Amino acid sequence: MSEISLPSLGSLPSRLLRLYGGLALYGTGIGLQVESALGNDPWDVFHQGLAVRTGLSIGTWIILVGALVMLLWIPLRQKPGIGTISNIIFLGLFADAAIYLLPSPGHWTVAWAYLLSAIVAVALATVLYIGAGMGPGPRDGVMTGLIRLGLSVRLARFLIEITVVAIGWLLGGTVGVGTLLFAVAIGPITQLFTRWFPLPGQH
């Protein structure tokens, strides 16, 4: 019997699997954190605030905001890829599906399990879809564009996230312990996952 050859890490099928698997996992993470009601990540505070004010779903606003954010790429001279377009279209769809399907936690222990699972899911998802090498998400592209203009990674991310959190909170988005925990934990956990799923250029 001949051996079945699995696609290598750099093959197109493998990269597509990482991209869309990562986006599905990221959407699930968003759904878990929203349903926990313990505080969303910065961008989803903003998306939820817009959803509260308009009656449109969080996923719909993820799509709309992603498309609008891409307009900022023009002066920042960023170039989208298939991963960028896929992020705009599919992340909101996966997030809405997760929010719809996940039962509301009936106990604080379940809410915390949702929150912790969300942070781990988003960290792994980030490594997967960025590792596909098919273009950054629209929000990531703004950050990398600001970095190219001379801002540090830390300052660029801080300026973006403090802005969307403030606006989202004023609109009615949920800010809480989960927002703080996400901000503190997402970087180290994402870095941990790069040990098993190296990013492009990482050795």
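At a probe radius of 1.4 angstrom, the accessible area of the chain per residue rounds to 54 square angstrom.
Normalised by the number of residues in the chain, the average gap of Cα pairs under 8 Å and 6 or more apart makes the relative contact order 37 percent. Seen from every direction in turn and averaged, the convex hull around the alpha carbons of region 13-73 projects onto 5.0 nm². Over region 87-167, the hull volume per residue, using the convex hull of the C-alpha atoms, is 132 Å³.
Along the chain, the longest continuous region that contains none of the trypsin sites (Lys or Arg not before Pro) in a DSSP loop with at most 13 other C-beta atoms within 10 Å is 78-194. Solvent-accessible surface (1.4 Å probe) assigned to residue 161 amounts to roughly 40 Å². Per-residue accessible area (protein heavy atoms, 1.4 Å probe) orders 41, 96 as 96, 41, starting from the largest. For the chain, a crude dipole built from +1 on the beta carbon of Lys and Arg and -1 on the beta carbon of Asp and Glu, taken about the Cα centre, is about 540 debye to the nearest 20. Note on residue 17 and residue 72: their simple-model spin labels are 3.5 nm apart, each label 7 Å out from Cα toward Cβ.
Each 10 Å bin from 0 upward holds the following percent of the Cα-Cα pairs of region 55-128: 16, 39, 31, 11, 3. Near residue 173, the amide H atoms lying under 5 Å from its own belong to 49; only residues 5 or more places off or on other chains count, and H is placed 1.01 Å from N. Computed extension gain for residue 163 through residue 64, at 0.36 nm per residue and net of the alpha carbon distance, reaches 33.9 nm. Kirkwood Rh over Cα pairs of the chain into Stokes-Einstein at 10 °C, 1.306 mPa s: D in µm²/s? Calculated translational D: 91 µm²/s.
The values are calculated or read from the model by the stated rules, or taken from the named source; none is laboratory data. Just so it is clear, the model here is predicted, and its values are computed rather than measured. Cβ: placed from backbone, ideal geometry, glycine included. Neighbour counts: every protein chain shown. Heavy atoms of the whole protein, side chains included, go into the accessibility calculation; ligands, DNA and RNA do not. Shrake-Rupley method; radii C 1.70, N 1.55, O 1.52, S 1.80 Å.
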